[in-house]
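Here's the structure, in structure tokens; my notes come after.
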There are 2 protein chains.
Amino acid sequence: MKKIKRAIISLSDKENLSSILKALNKYNIEIISSGGTFKEIKKLKYKCTEVSDYTKFPEILDGRVKTLHPKIHAGILSKRKNRLHKKQLLKNKFDEIDLVIVNFYQFEKVLEGSKNRSKIIENIDVGGPAMVRAAAKNYKFVTVVSKVEQYTELINELNKNNGSTSLEFREKMSREAFSETAYYDAVVADFFNEISFNKFPDRKIFFANLVEKLRYGENPHQSGAIYSREKNLKIKQLGGKQLSYNNYNDIFSALIISKSLPKNTGTVIIKHSNPCGVSVNRDNIKSFKLALKCDPISAFGGIVACNFKINKKLAVELNKIFFEVIIGNNIDKDALKILKKRKNLRIIDAESFKLKNSQSINSNVNNYLVQTIDKNKFLNKNFKVVSKIKPNKKTFESLLFAFNICRYVKSNAIVLVNEDSTVGIGSGQPSRYDSCKIAIRKMKKFQSFYKNKKIVAASDAFFPFVDGIESLVNSGVSAVIQPSGSIRDKEIIKFANQTGTVLIFSKTRHFKH
Amino acid sequence: MKKIKRAIISLSDKENLSSILKALNKYNIEIISSGGTFKEIKKLKYKCTEVSDYTKFPEILDGRVKTLHPKIHAGILSKRKNRLHKKQLLKNKFDEIDLVIVNFYQFEKVLEGSKNRSKIIENIDVGGPAMVRAAAKNYKFVTVVSKVEQYTELINELNKNNGSTSLEFREKMSREAFSETAYYDAVVADFFNEISFNKFPDRKIFFANLVEKLRYGENPHQSGAIYSREKNLKIKQLGGKQLSYNNYNDIFSALIISKSLPKNTGTVIIKHSNPCGVSVNRDNIKSFKLALKCDPISAFGGIVACNFKINKKLAVELNKIFFEVIIGNNIDKDALKILKKRKNLRIIDAESFKLKNSQSINSNVNNYLVQTIDKNKFLNKNFKVVSKIKPNKKTFESLLFAFNICRYVKSNAIVLVNEDSTVGIGSGQPSRYDSCKIAIRKMKKFQSFYKNKKIVAASDAFFPFVDGIESLVNSGVSAVIQPSGSIRDKEIIKFANQTGTVLIFSKTRHFKH
């Protein structure tokens, strides 16, 4: 237990200051402060010594140098039981400072709201982190409070121990303080790396805020949590059980596709983080029904994401099937009422969710593969028609739709499309030919009359042999889009021409593992 | 351009100090220093003012308070063109400090080498980061050097500009300085979180060191890099082209399996980050051949990892197939010579690579799903034989082997095994039944006489219906291991008993997406 006699307070965010002052006053804790915090404390009518009076050194450089003074830092850093330290404090007429309450200049907030470089940089706090780090290092004797959210904890601790804090408490505060300083400098470093387009610095620091701890990870014997670079996830749960790790994973997989589709048309069904049905039909009911038809068996227990508002009529259709999660770009009242009839169904409004340029991390045994995401928008110049037969506009659109879906299907990926909907998806195979077979089997199983329909196919990477494209064409595919690059490209073009197949080569490949 | 007149130097790592001193001396730069650095500078016979002489304040608290003084920090932080700042410096008889050369107490290094809590905490640097952060903030005027690796850059910059530094240079140094401080505090925060078993703190900070920038990411239009929490990856490339993003991804996928297999027996073949063949035969040549036989077509262009030393005889076998990467637990000289005949083949010695307890990160649009890895060792009590027929020891071992591989195959995962080798792997499907079909098709395609062999199967999660297990049994599978949990578990047990199939329920599920 450590009795607290003296505190230094320096706050950028002055919220709830009075609650703290009341508690400190109750235990006769002497307060040192400066600048705006000092003024605020005086305004609230509490006793307080200004830092410059305390150190006998004026605040200078517009406040850049206030607390960076030996009297403050020795007061924080001295080992209370060390005789030499005690002697040196005494000799210099320094007092021990037992409690440091500091929150930093709000760099992250300023960064969000301003593009003024000078203003942003002025908001890098120097004095605050120095005090917090000193106090956190010396947690055996000193209590450090580094964010407003800790005030109640501090007050409870003081009340519990009659003005003292326990070592356990101080260690916890210290741990959280170093998280704050690390996070703070991670944001600053990220800012500098951003403005200088330095994607892969020597030291890479990813930082994020806890959104919630999850019941467990991918499996019940693993523990898990969801974090965000932002304050929240921009998705709103309107009903159902708590989201699980796998729910979140599938929700993001769904939204990344859904939000990339033409507005107000797209339905995506996800199972095991792979799409098992996608449609962009303008009729919302049809859009859902067509997405579902691609693989109604796999859809069972899956996740549906609509990039349009879910209305009552659609809700009735959705409720016919067992889904784990339903996501809408807004959900109207009547629809919500209907969906809520399924007690466990997680209902998500993702209207505020936006795709953002970000880096992806693939972690393996403490190693991280980091990359920019596959975000290229397809332009006409990305493609070259290499077959004699040219696609008409509608076929080209279907091919583009198929190719776009391909990039979200785990490799090797084969996507079969009729008009505006997938009719067969082959994923996650070590051989491209196998993915073709899977996609074809799905189509044959669930699409009656597929033989009378125009079927197009996309492949996320080139066909290494003719056999893959051959199996597609033999099953009724009349147009294929794929990246070029195989030593057998010519054979493949020849095969397309022999069979009257439209063949388009893309300049970009789209592996996803 | 900013002429440098005065520098402060405070180093924990004194490597290459003389090179810096020589350069500073050349441009008549005044030096301030303290403690061990001061002594070292004097020993090297350069002029230097001790901090305590400079500030007229003694170093106290065993060096805990040296540079935390207004004269130092105002000297660093003053805006050179600001008249008020100038006046205040003058009034206090403070001088401008233009260059800060600091490296921190080596917390990370001490942490690796010591378990003494006091010693570790004593090595949290307070004064150093305060100076570095002040200088980095004021980069418009001040140059900050925060690691030994930057010395040459500084010297070149000074030489180029006759003792001055450019704004561009100072900004770069500032950026790198904040990376250093963020990294430093991330390591400290991680230490505190570790010792208090706090897996999911409010602020999560992942930190890693750049190993190398890669030619590109998963696809050529993405940029990528590989980072490690450690100084290096513990894998040694002995030949072949530069490793790509996908190579690394596959190598880790391979090693995570390979290193979990019984020593000196395991061969793993990976394609698109999924295993397409695994064997643990004690005869190394057989081990490779059996792994290959599981899917020799998919193995083409894949990655082979052996958890044993690759000898000449095996090298000859390996060279018959086109692989992108070959990994050995050491590779003998003769074998290396043979493997090197394939010019582009990447050859990796992974003897030093060890599996480590770590957290996995799944990143999605600036959100991170974080979890502990699926590292449970299987114990006998994890399993329950639920069929009437009980497995003999050999069958149980095969089942356990199959179940172990399952956890590394993307869900839904079905793994068929004969004795000590996989003979069919179904992966990445939205429906478990489809994964069964894929695994069976592989077996039928590549395993002659499979009907005469004892085939066992593992599933990463429970069968929701009887159809999956039915398809396996109908294709010759005589023993199945799977997690329990389906509402149809009883039906499945009944089916097993009716068909004389061994059925084991596992307590743990092993999704991997």
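Would you check which residues across segment A:212-238 are farther than 24 Å from B:G224 by Cα, at the interface with chain B (Cβ under 7 Å from one of its Cβ atoms) and assigned to a loop (DSSP other than H, G, I, E, B) and list them? Passing the criteria: A:G217, A:E218, A:N219, A:P220, A:H221, A:Q222, A:S223, A:L233. Within segment A:163-183, can one find any residue that is among the aromatic types (F, W, Y), within 10 Å of chain B (Cβ to nearest Cβ) and more than 30 Å from B:P58 (Cα to Cα)? So far as segment A:163-183 goes, yes, one or more of its residues are among the aromatic types (F, W, Y), within 10 Å of chain B (Cβ to nearest Cβ) and more than 30 Å from B:P58 (Cα to Cα). For segment B:116-130, enumerate the residues that are assigned to a helix (DSSP H, G or I) and either within 7 Å of chain A (Cβ to nearest Cβ) or of a type in the set (D, E, K, R) (or both). Hits for segment B:116-130 are B:R117, B:K119, B:I121, B:E122, B:P129, B:A130.
Touching a strand residue (DSSP E or B) at 6+ places or on another chain (Cβ under 8 Å) and among the basic types (K, R), is that true of A:K340? Yes. Just so you know, in segment A:259-284 the residues that are within 14 Å of chain B (Cβ to nearest Cβ) and among the basic types (K, R) include one that is nearest to A:I327 (Cα to Cα), and it is A:K259.
The conditions of being outside any helix (DSSP H, G or I), touching a helix residue (DSSP H, G or I) at 6+ places or on another chain (Cβ under 9 Å), within 30 Å of B:L399 (Cβ to Cβ) and among the small types (G, A, S) are met by B:A305.
For (1) within 14 Å of chain A (Cβ to nearest Cβ); (2) within 31 Å of the chain's Cα centre (by Cα), each residue gets a yes or a no:
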| residue | (1), (2) |
| --- | --- |
| B:K388 | no, no |
| B:T395 | no, no |
| B:K410 | yes, yes |
| B:T422 | yes, yes |
| B:C436 | yes, no |
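Taking the numbered list (1) crowded, with 19+ Cβ neighbours inside 10 Å; (2) touching a strand residue (DSSP E or B) at 6+ places or on another chain (Cβ under 6 Å) in turn, B:K453 passes all entries but (1).
When residues in segment A:47-79 are screened for being at pLDDT 95 or above, farther than 15 Å from A:I9 by Cβ and more than 10 Å from every other protein chain (Cβ to nearest Cβ), 0 of them pass.
Only strands (runs of 3 or more DSSP E) whose full extent lies in segment A:344-422 are considered here, and the ones with at least 3 residues that are of a type outside the set (A, V, I, L, M, F, W, C) and within 30 Å of B:F353 (Cα to Cα) are A:359-364, A:367-372.
Which one of the conditions (1) under 15 Å from B:S298 (Cα atoms); (2) within 10 Å of chain A (Cβ to nearest Cβ); (3) touching a helix residue (DSSP H, G or I) at 6+ places or on another chain (Cβ under 8 Å) does B:K442 fail to meet, given that it meets all the rest? Exception for B:K442: condition (3).
Is it the case, given these coordinates, that B:S12 is in contact (Cβ under 8 Å) with a residue 40 or more places away in the chain, hydroxyl-bearing (S, T, Y) and over 22 Å from B:S164 (Cβ atoms)? So B:S12 passes the test. Return a yes/no flag: does segment B:52-60 have any residue that is surrounded by 17 or more Cβ atoms within 10 Å (Cβ to Cβ), closer than 28 Å to B:V187 by Cα and not hydrophobic (A, V, I, L, M, F, W, C). Scanning segment B:52-60, I find at least one residue that is surrounded by 17 or more Cβ atoms within 10 Å (Cβ to Cβ), closer than 28 Å to B:V187 by Cα and not hydrophobic (A, V, I, L, M, F, W, C), so the answer is yes.
Being more than 15 Å from the chain's Cα centre (by Cα), facing chain A (nearest Cβ under 7 Å) and modelled with pLDDT of 95 or more is the requirement here; does B:F191 meet it?
no
Tell me whether segment B:189-211 contains one or more residues that are surrounded by fewer than 18 Cβ atoms within 10 Å (Cβ to Cβ) and in a helix (DSSP H, G or I). Yes, segment B:189-211 has at least one match. Check segment B:141-156 and report whether any residue there is in contact (Cβ under 8 Å) with a residue 60 or more places away in the chain, buried (at least 21 other Cβ atoms within 10 Å of the Cβ) and assigned to a loop (DSSP other than H, G, I, E, B). Yes; the residues of segment B:141-156 include at least one that is in contact (Cβ under 8 Å) with a residue 60 or more places away in the chain, buried (at least 21 other Cβ atoms within 10 Å of the Cβ) and assigned to a loop (DSSP other than H, G, I, E, B). Identification of helices (runs of 4 or more DSSP H) wholly contained in segment A:1-74 with 3 or more residues that are closer than 21 Å to A:V126 by Cα yields A:35-43, A:51-55. Among the residues that make up segment A:86-97, is at least one of them away from chain B (no Cβ under 12 Å), under 19 Å from B:G127 (Cα atoms) and surrounded by 14 or more Cβ atoms within 10 Å (Cβ to Cβ)? Checked segment A:86-97: at least one residue is away from chain B (no Cβ under 12 Å), under 19 Å from B:G127 (Cα atoms) and surrounded by 14 or more Cβ atoms within 10 Å (Cβ to Cβ). Can you spot a residue in segment A:197-207 that is among the acidic types (D, E) and either more than 8 Å from every other protein chain (Cβ to nearest Cβ) or more than 23 Å from A:D349 (Cβ to Cβ) (or both)? Within segment A:197-207, one or more residues are among the acidic types (D, E) and either more than 8 Å from every other protein chain (Cβ to nearest Cβ) or more than 23 Å from A:D349 (Cβ to Cβ) (or both).
If the condition is being free of Cβ contacts under 8 Å to residues at least 24 places away in the same chain and surrounded by fewer than 18 Cβ atoms within 10 Å (Cβ to Cβ), then segment B:37-49 contributes B:K39, B:K42, B:K43, B:K45, B:K47, B:T49.
Residue under question is A:G239, and the condition is that it be outside the structural domain of A:I251 (by TED's automatic domain parsing) and touching a Lys or Arg at 6+ places or on another chain (Cβ under 7 Å); does it hold? It is false that A:G239 is outside the structural domain of A:I251 (by TED's automatic domain parsing) and touching a Lys or Arg at 6+ places or on another chain (Cβ under 7 Å).
The values are calculated or read from the model by the stated rules, or taken from the named source; none is laboratory data. Nothing here was measured: the structure is a model prediction, and the numbers come from that model. Virtual Cβ from ideal backbone geometry, glycine too; neighbours counted across all protein chains shown.
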